[in-house]
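Here the structure comes first, spelled out in structure tokens, and everything after it is commentary.
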Amino acid sequence: MMAYILLHVLTCAVYAGLALHFWRTRWSARPAAPAAGDPAGGLRTWERAALLLPIALHGWLLYADVIAPSQPRFGFAHALSAMLWLAVLFYWAESFFYNLEGMQAPVLALAALTAPLPAIFPGYATTHAASLEFKLHLVLAMLAYSLFTIAILHALLMAVVERRLHGARKGPMAIGEPLGPLRGPFASLPPLLTLEKLLFRLIGAAFALLTLTLATGIIFSESLFGRPIRFDHKSVFAVVSWLTFAALLVGRHFYGWRGRTALRWTLAGFVLLLLAYIGSRFVLEVVLGRGAT
């Protein structure tokens, strides 16, 4: 038990240390010049390698809690922890293809906060967690949550960039224009048009996973309870969240929604999605002290 707690503390500490490193080296108004052989923007080779340590530790802890036991535990703490673990993993993989300077510190800081939560809130053994249908539903849900987390952070980063760029220009801004006047982690980002395209790719992929999550949830409910859907608060929030993201993608395709409009719809859908499972599990486990049904 002590080793289990120490591993959580170590994972949290490594995430926090890397977040502090990226805060100091990327968010400074006058960042230090890159060393010989290091890229001018994006992750350096040693930084990308260092990220693998907390990713591996975090993944093993989640495996030990959720996959390995004969009676797995999966509560709101495990959901948050898994969501941010996958978000860091996605970000690490994306770093090979995109320069997303500015996202390292917030992603890793959130991971540092959520990694130790299962040790603090162990939750309850989840009924029917050993079934294949539940595991498939769970994996798809966590993938969708994590992609939406990256999308939210990405949208907030774009909002900060746009606000700073407006302040620097004191005038109208061309969306395809390079972000030259900005300093610190924003100076080496691609144009806003490129960032916006990446944002909606993330939302589209997350929406597809959310659709599969709802579909497997319906199949799981049919096999377990004999009816395709239970009209509880979790199902209602999940369906409303799906409708919100569907409306966002339709608005983007037919009406060209972008900027603050897209940010508001993305935030609304994400909050509803959090309330669907994590919020309801938090109330049941922490407020009411009840286990899974």
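Quick note: the coordinates plus some simple rules give every number you see, no bench work behind them. For clarity, every value in this text was computed on a predicted model and none was experimentally measured. Methodologically, a virtual Cβ is constructed for each residue, glycine included, from the backbone with ideal geometry; neighbour enumeration extends over all protein chains shown.
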Estimated distance in nm for a label pair at Ser131 and Arg260, the labels positioned 7 Å out from Cα along Cα-to-Cβ: 4.7 nm
Inter-label distance for Ala215 and Val239, nm, one decimal - labels placed 7 Å from Cα along Cα-to-Cβ: 1.8 nm
For Arg252, Arg48, order by how many other beta-carbon atoms lie within 10 Å, fewest first: Arg48, Arg252
Residue exposure sequence - Lys234, Lys197 - by fewest surrounding Cβ within 10 Å: Lys197, Lys234
Additional length obtainable on full extension of the chain from Leu193 to Leu113, 0.36 nm per residue less Cα span: 25.6 nm
Ranked list, fewest to most other Cβ atoms within 10 Å of each Cβ, for Phe76, Phe97, Phe148, Phe121: Phe97, Phe121, Phe76, Phe148
